[in-house]
Structure formats: C-alpha cells, structure tokens
1. Restricting to DSSP loop positions (anything but H, G, I, E, B) with no more than 12 other Cβ atoms inside 10 Å of their own Cβ, which GluC sites (Glu not before Pro) remain in segment 72-141?
2. State the extension gain, in nm to one decimal, for the chain segment bounded by S7 and S48, taking 0.36 nm per residue of separation less the distance between their alpha-carbons.
3. Name the most mobile residue of R107, R124, R91, meaning the one with the largest mean-square fluctuation, in a Gaussian network model of the chain with Cα contacts below 10 Å.
4. So for F15, F41, fewest C-beta neighbours within 10 Å to most, what's the order?
5. Could you check which residue among L92, L71, L20 shows the biggest mean-square fluctuation in a GNM of the chain with a 10 Å Cα cutoff?
6. Would you calculate the separation in nanometres between label points at C72 and K130, each defined as 7 Å from the Cα along the Cα-to-beta-carbon direction?
7. Quick one: plug the Kirkwood hydrodynamic radius of the chain (C-alpha pairs) into Stokes-Einstein at 20 °C, 1.002 mPa s, and report D in µm²/s.
8. Rank these for me by crowding, T80, T109, T53, going from fewest to most other beta carbons within 10 Å.
Amino acid sequence: MIQVTSSIGIDESEFHFDFLRASGPGGQNVNKVSTAVRLRFDVRACPSLPEDTRVRLMGLAGRRVGADGVLCIEARRFRTQEANRRDAVERLVLLVRRAAETPKARRKTKPSAASRRRRLEAKRRRGQAKQARRPPGRIDD
C-alpha cells in the first residue's frame, strides 16, 4: 500500500508495469536490456480514489490518460529498471497528490469606481495626445 495522502492509499497491485528498451544512457546494454518502464494505472477502476480526485487526476494527466481511463507514465531517465520503476511510481504519487488538493474557489470581483475613473482618464489623455499629432485644419468624422 502506497500512502499518497492521509486519506488516500493506492494498493501496489493496481499498478501494471511493462518494460521496454530505452534510448539514451545505458552503454552497450541499451540494445539488449529493457530498462524503460511504462506504468499503467486504471484511474476509473481504482476504488481508493474519491470521485472528485479521480476527475481532477484525469484532467491533470491530459493526454497520458487514454479513452479507457488508463493512465500511462513512461520512465526512462535512469540506467536501471528498478530506478525507472521507482521514478514512475513517484511521478504517479505526485500527480495524485496534486489532484487530491481541492482548488481554491474563485471569487468574482468588480473593478472599483476609482480604478474605472483612472482608466477612463488615461484613455482620454491618450486620445488628446493623438489628436494633438494631427495636422491642423483637418476634419475627421
């Protein structure tokens, strides 16, 4: 059980790992050993995620969540399979933690009367400055 927050824990049996050959660091082993890790996590079927967290997680993950609701995280930063596996799990935990935070509600605000007055005065000054640049005697609509 991986404890994500005080109320959310994900069982490790819900993770499915695929191992594939990675480009990048690895020396001669890069063509022989499958060190890259693809972590697959079914967001929709996870019983330990609350519904609001599940919805936010799918939004945060973006293209990494397929139409079937499975989140895929690829890790290929390290030379060893175990380090890449840890990296993928850590990235999933961080993503779930961010999704578990309830976003702060936005309160509508109105511009103050003084700020509206300042804005209109600035517009008036800009208009007068532009008008002063026009040649004399020219009549505009």
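1. Numbers: sites: E74, E82, E90, E101, E121; in loops: E101.
In loop regions of segment 72-141 (DSSP not H, G, I, E or B), the sparsely surrounded GluC sites (Glu not before Pro) are E101.
2. Numbers: separation 41, 0.36 × 41 = 14.76 nm, distance 0.90 nm.
Taking S7 through S48 to full extension adds about 13.9 nm, to one decimal.
3. For the chain, modelled as a Gaussian network with Cα springs under 10 Å, the answer is R124.
4. Listed from fewest to most nearby Cβ atoms, that is F15, F41.
5. Result: L20 has the largest fluctuation of those listed.
6. For C72 paired with K130, the spin-label model returns 5.3 nm.
7. 109
8. Ascending number of Cβ neighbours within 10 Å: T109, T80, T53.
Values in this text are rule-based calculations from the coordinates and carry no lab data. This is a predicted model, so every value here is computed, not measured. Using ideal geometry, Cβ is built from the backbone for each residue, glycine included, and neighbour counts are taken over all protein chains shown.
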